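Presented below is the structure to which this report refers.
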Amino acid sequence: MNLSECSELKQFFLGKLKENNATRRVNIHVSDLIYCLKESYFKRTQPKPPTPKQLGFYVDGARRHIVLEVLSDLKREVEVKKYSVVGHVDILKDSGGPIEIKTTRTREKLPDHYFLQLGFYATMLNVNHGYLIIQRLMNEDPWEFYRVEWTEEEMMNLDYELYSRANLLRTALEKNEPSLLSRPDASTNWKCKNCQFSDLCQKT
């Protein structure tokens with residue numbers, strides 16, 4: 001038996017991930033609006049080849065999603081649109097509420113961006129509630145299930161946030177002006193540590 005590394009196969013899958021990312025850049029997605037708008041800007045204007053680590057994150061996340069989505073026997077990967085923003089709801093419950101699946105290795109409280117993303121989906125579906133499934137990989141009992149319900153005022157704020165963030169990113173792209181976009185706040189600045197565009201960000 002002769003065992004050898006196959007770089008051709010590695011590049012094949014990295015290329016497929018690159019194609020997938022390029023397809024997503026046609027429209028503004030909800031995921032573009034959750035974290036750092038500058039990162040979303042540079043992903044579109046100066047995309048970099050995906051890394052093996054990013055391929056691992058993509059496959060790992062997709063695997064968990066697919067299993068839970070199949071078990072649910074509900075509508076999966078439901079496309080929603082509002083303000084020319086496209087979103088894909090992991091699972092759509094019979095009540096019309098979106099179900100979002102998240103995986104984390106921390107034992108800390110649930111981050112704000114979980115609720116922001118779920119809230120955007122609720123806004124796009126015109127419902128005032130949604131559900132979170134959390135898998136905490138380091139816990140003995142790793143699963144947490146939550147129902148989230150927003151007030152009318154909170155829904156109005158979420159709707160405005162969706163519109164304004166999408167409009168700001170769209171304007172920056174049209175004017176080719178990343179300086180219009182601010183750096184991430186305290187809840188998401190952990191992404192800066194491993195950001196592929198940190199050098200470009202510092203210059204703007």
Looking at this structure, is residue 131 touching a strand residue (DSSP E or B) at 6+ places or on another chain (Cβ under 6 Å) and either modelled with pLDDT of 90 or more or of a type outside the set (A, V, I, L, M) (or both)? yes
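Just to verify a result, which residue in the range 25-54, among those that are charged (D, E, K, R) and assigned to a helix (DSSP H, G or I), is farthest from residue 84 (Cα to Cα)?
The selected residue is 53.
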With criteria (1) in contact with a His (Cβ under 9 Å, 6 or more places away or on another chain); (2) surrounded by 17 or more Cβ atoms within 10 Å (Cβ to Cβ), residue 149 comes up short on (2)
Checking 67, 30, 26 in turn, the sole residue that is closer than 28 Å to residue 159 by Cβ and modelled with pLDDT under 80 turns out to be 26
Pairs returned, first residue in the range 129-153 that is touching a residue at least 40 places away in the same chain (Cβ under 8 Å), second residue that is assigned to a helix (DSSP H, G or I), beta-carbon separation under 7 angstrom, 6 or more apart or interchain, are 133/68; 135/64
Out of (1) out of contact with any helix residue (DSSP H, G or I) (no Cβ under 9 Å at 6 or more places or on another chain); (2) modelled with pLDDT of 80 or more; (3) closer than 21 Å to residue 188 by Cβ, the one residue 79 does not meet is (3)
Taking the range 133-165 and keeping only residues that are assigned to a helix (DSSP H, G or I) and touching a Ser or Thr at 6+ places or on another chain (Cβ under 7 Å), one is left with 155, 158, 159, 162
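How many of the residues making up the range 60-117 are in contact (Cβ under 8 Å) with a residue 60 or more places away in the chain and of a type in the set (Ser, Thr, Tyr)?
Within the range 60-117, the first condition is being in contact (Cβ under 8 Å) with a residue 60 or more places away in the chain, and the residues that meet it are 64, 68, 82-85, 111-113, 116-117.
So of that shortlist, the ones also of a type in the set (Ser, Thr, Tyr) come out as 83-84.
Number satisfying all stated conditions: 2.
The values are calculated or read from the model by the stated rules, or taken from the named source; none is laboratory data. Owing to the predicted nature of the structure, the values given are computational and were not obtained by experimental measurement. Positions of Cβ are backbone-derived with ideal geometry, glycine not excepted, and every protein chain shown enters the neighbour counts.
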